[in-house]
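Read the structure below first, then the notes.
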Amino acid sequence: MTYPSRSADVHVTGRRVVATIVDAVLLGCLGGIVARLAGVETTSSGFGFTRLSSGGSIAVFIFVLLYYVLLEGLFGRTVGKLVTGIRVVDESTGTPPGIGKAIIRTLLRIIDGLFAYLVGYIVVLCSRRRRRLGDMAARTLVVRA
């Protein structure tokens, strides 16, 4: 199924924010499970936070990368995007972006995600097609499903 990018509804900024929060909560929960399955011990700080060992951090990091790359690359949607009714599409074809473009989008989350995604949020609000840096580099759009 294709979604033509010329007429696609890219004004989904609020939905993107909610999708990011949903994905963060889900990944926080699943990341803890992944760390435990990997046999990684956590340590508790005096403030009630738990800290993963370096092996646990690597396992969770890989899990998060795979979550975004596989779900967005193959289906155009993470759980958060599914819940909020949006999807990622290739700007030229309107289809799910594929693994290569999803890798680019995901790696640029490092920059877009600075200051609790404030960088990405500002870039989205200032761009004509409501794209964050990862979308611009990968030539993708986030549209209403």
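The values are calculated or read from the model by the stated rules, or taken from the named source; none is laboratory data. The structure presented is a predicted model; accordingly, all values stated were derived computationally and were not measured. A quick note on method: Cβ atoms are made from the backbone with ideal geometry, for glycine too, and the neighbour counts reach across all protein chains shown.
In the stretch 1-39, the residue that is farthest from Ile58 (Cα to Cα) out of those that are charged (D, E, K, R) and at pLDDT below 95 is Arg6. The set of residues in the stretch 127-145 that are closer than 18 Å to Arg77 by Cβ, under 13 Å from the mean Cα position of the chain (by Cα) and in a helix (DSSP H, G or I) comprises Gly134, Asp135.
Every test in (1) modelled with pLDDT of 95 or more; (2) in contact with a strand residue (DSSP E or B) (Cβ under 9 Å, 6 or more places away or on another chain) is passed by Gly100 save one, and that test is (2). Here the stretch 72-99 is the region considered, the condition is being free of Cβ contacts under 8 Å to residues at least 60 places away in the same chain, assigned to a helix (DSSP H, G or I) and not hydrophobic (A, V, I, L, M, F, W, C), and the residue that is farthest from Val12 (Cα to Cα) is Gly73. Checking each residue of the stretch 100-109 against the condition of being of a type in the set (A, V, I, L, M), in contact (Cβ under 8 Å) with a residue 12 or more places away in the chain and not in a helix (DSSP H, G or I) gives at least one match.
Residue by residue, here is whether (1) surrounded by 17 or more Cβ atoms within 10 Å (Cβ to Cβ); (2) out of contact with any Asp or Glu (no Cβ under 7 Å at 6 or more places or on another chain); (3) polar (S, T, N, Q) holds:
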{"residue": "Leu70", "(1), (2), (3)": "no, yes, no"}
{"residue": "Phe75", "(1), (2), (3)": "no, yes, no"}
{"residue": "Val83", "(1), (2), (3)": "no, yes, no"}
{"residue": "Ser92", "(1), (2), (3)": "no, yes, yes"}
{"residue": "Leu108", "(1), (2), (3)": "yes, yes, no"}
{"residue": "Leu125", "(1), (2), (3)": "no, yes, no"}
{"residue": "Arg130", "(1), (2), (3)": "yes, yes, no"}
{"residue": "Leu133", "(1), (2), (3)": "yes, no, no"}
{"residue": "Val143", "(1), (2), (3)": "yes, no, no"}
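Scanning the stretch 102-119 for residues that are within 20 Å of Gly76 (Cα to Cα) and touching a Leu at 6+ places or on another chain (Cβ under 8 Å) turns up Ala102, Thr106, Leu108, Asp112.
Every listed requirement among (1) among the aliphatic types (A, V, I, L, M); (2) under 15 Å from Val12 (Cβ atoms); (3) modelled with pLDDT of 95 or more is met by Leu108 save one, (2).
Yes or no: the stretch 55-67 includes at least one residue that is more than 25 Å from Leu125 (Cα to Cα), out of contact with any helix residue (DSSP H, G or I) (no Cβ under 8 Å at 6 or more places or on another chain) and modelled with pLDDT under 75. Within the stretch 55-67, one or more residues are more than 25 Å from Leu125 (Cα to Cα), out of contact with any helix residue (DSSP H, G or I) (no Cβ under 8 Å at 6 or more places or on another chain) and modelled with pLDDT under 75.
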